[in-house]
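Engineer: I am attaching a structure below and will ask some questions about it afterwards.
The values are calculated or read from the model by the stated rules, or taken from the named source; none is laboratory data. Since we're looking at a predicted model, the values are computed, not measured. Because the Cβ atoms are built from the backbone with ideal geometry, glycine has one as well, and the counts that use them run over all protein chains shown.
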């Protein structure tokens, strides 16, 4: 399938937050929408057939069209969004650059970690902020089968920076959670506060939201690539903010140019040549439509379909399972058949 670039032209409608009653759904077929009588999509039966799906929320032009919650899943319950955290970190980097806390995308990270100037491999001195955002640092990955050893280390940042160079910085993608965690360490340094406090002050408070604390490393740095906790409706607010090019009720929270460039493919997934990566956000065609999306292990998603003025949020079980790839395929099929086709049919 040929790749179609993500179109960013045009301004979309402002975000309307629907009131959600804080209660659990009594059955998997209940809570198609909570407090929204204007629902036009009914995907409850299809959603209930996905045993690992926990929630699915669809919004178009700021209006919720459908909402599903599995049994004992609360609309206001926090979800570990796993690696979708990387997309939030990337948004914070964009804000930090706009505020001149970070000089530019081209800034070498050795500015913040002078120990790299003493490393035996001079290529490490060439790693830039942009290389971290696009997973092209060249450092050996700390994800996959190397993840456990990394998070058991006494200093996560030092461990990640100490990995050998396996490709020239700025070239091949090496998906690595340690890469994103280095960005959290940089945000902590330049903001002179924690990543949590910077995120709350610069992103979540302007949206009228509260970001819950999450995991920190042994040095107290908030995990930059995993473990963030958000509700489905908070995820929806982030997606809507991206759909509205960083603007919320007339206030520019994230620079519009940053939102646009985040969704420009910079590299390609090593697992799927139809899946591309920008600045912390994935780009892929789903059901004939281009999506820019945050993606976390197990099936945590914030999809932004700009051409349809559409945001789709999904949360899923984070249990390790050999079926998770099958779950992803079935979820994508559901979004295609029950949402995209319904909204684009005559």
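Engineer: Can you report the number of residues in the range 44-59 which are in contact with a helix residue (DSSP H, G or I) (Cβ under 7 Å, 6 or more places away or on another chain) and either outside the structural domain of residue 326 (by TED's automatic domain parsing) or crowded, with 21+ Cβ neighbours inside 10 Å (or both)?
Structural biologist: 8
Engineer: Quick test of your reading of the structure: residue 280 fulfils all but one of (1) in a helix (DSSP H, G or I); (2) crowded, with 17+ Cβ neighbours inside 10 Å. Name the failing condition by number.
Structural biologist: Here residue 280 clears every test but (1).
Engineer: State which residue is surrounded by the fewest Cβ atoms within 10 Å (Cβ to Cβ) when the search covers only the range 195-224 and only residues that are within 19 Å of residue 113 (Cα to Cα) and in contact with a helix residue (DSSP H, G or I) (Cβ under 6 Å, 6 or more places away or on another chain).
Structural biologist: 217
Engineer: Let me ask something else about it. Evaluate the range 328-345: report whether one residue or more is surrounded by 17 or more Cβ atoms within 10 Å (Cβ to Cβ), within 19 Å of the chain's Cα centre (by Cα), closer than 25 Å to residue 267 by Cα and at pLDDT below 95.
Structural biologist: yes
Engineer: If you don't mind, another one. For residues that are closer than 23 Å to residue 248 by Cβ, buried (at least 20 other Cβ atoms within 10 Å of the Cβ) and in contact with a helix residue (DSSP H, G or I) (Cβ under 8 Å, 6 or more places away or on another chain), scanning just the range 15-43, find the one that is modelled with the highest pLDDT.
Structural biologist: Filtering the range 15-43 for residues that are closer than 23 Å to residue 248 by Cβ, buried (at least 20 other Cβ atoms within 10 Å of the Cβ) and in contact with a helix residue (DSSP H, G or I) (Cβ under 8 Å, 6 or more places away or on another chain), the one modelled with the highest pLDDT comes out as 20.
Engineer: Next question, about the same structure. So residue 163 ticks every box in (1) touching a strand residue (DSSP E or B) at 6+ places or on another chain (Cβ under 7 Å); (2) without any contact (Cβ under 8 Å) to a residue 40 or more places away in the chain; (3) assigned to a helix (DSSP H, G or I) but one. Which box is left unticked?
Structural biologist: Result: residue 163 passes all but (3).
Engineer: Could you run through the range 112-126 and say how many residues are in a helix (DSSP H, G or I) and in contact (Cβ under 8 Å) with a residue 40 or more places away in the chain?
Structural biologist: 5
Engineer: In a helix (DSSP H, G or I) and over 23 Å from residue 84 (Cα atoms): is that true of residue 179 in this structure?
Structural biologist: Spelling it out, it is not the case that residue 179 is in a helix (DSSP H, G or I) and over 23 Å from residue 84 (Cα atoms).
Engineer: Could you list all residues from the range 63-111 that are without any contact (Cβ under 8 Å) to a residue 24 or more places away in the chain and touching a strand residue (DSSP E or B) at 6+ places or on another chain (Cβ under 9 Å)?
Structural biologist: Hits for the range 63-111 are 107, 108.
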